[in-house]
Amino acid sequence: MGLLRRDIKTPTVTIEILHPGDEAGNGLVRHCTFPVPKYLLSGGVAQSWEWITEAERPLHWRYDAIGKPLWSNATGWHRLEAVGEGRTRVFFRETYEARNPILRVLLEKRVHDFISKDNDRLIEASLVNTLERRRARKSSAG
């Protein structure tokens, strides 16, 4: 059974699936909005366009992205590892680079720290939500 890919909307973050990709998620394209510091003069909102470039769901996946303001490139990796007793370790890494060399020096670290401060909580919530939906779907089917 394929993964159900849905748009996500929270009070601060939206993720719109523009293309679902293949069964594993390769080729998935999404448009995201999320908070950034107001000093970037974007009304405190940034956008990114992300695509899954390597996926073997549910074990690991990688995305590449471009974002604005502070025109940037990013790459992120997720990997899940079973550690026994029904527990899973989650590995996540993201690189982020402002394209403009002056803005890279002046703002890159501060902006990336700001936008990634809740990553651990958001990734955990996303995984828990996905597992709950899968369990509910499985119990209603059987």
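Each reported figure results from applying straightforward, stated rules to the coordinates on display, with no laboratory input. Bear in mind the structure is a predicted one, so any value in this text is a computation, not a measurement. Using ideal geometry, Cβ is built from the backbone for each residue, glycine included, and neighbour counts are taken over all protein chains shown.
Numbers for the structure displayed
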item	result
Length-normalised contact order of the chain in % [C-alpha pairs under 8 Å, at least 6 apart]	13
Lys, Arg +1 and Asp, Glu -1 on Cβ, resulting dipole of the chain about Cα centre, debye, nearest 20	320
Crossing angle, helix 101-116 versus the chain [Cα axis fit, 0-90 degrees, rounded to tens]	40
Pairwise centroid distance, computed over Cα atoms, of the range 9-38 with the range 102-142, Å	11
Segment Tyr39-Glu16, extension gain: residue separation times 0.36 nm, minus the distance between their alpha carbons	5.7 nm
Acute angle (nearest 10 degrees) that the helix 119-141 long axis makes with the longest principal axis of the chain, alpha-carbon atoms	30
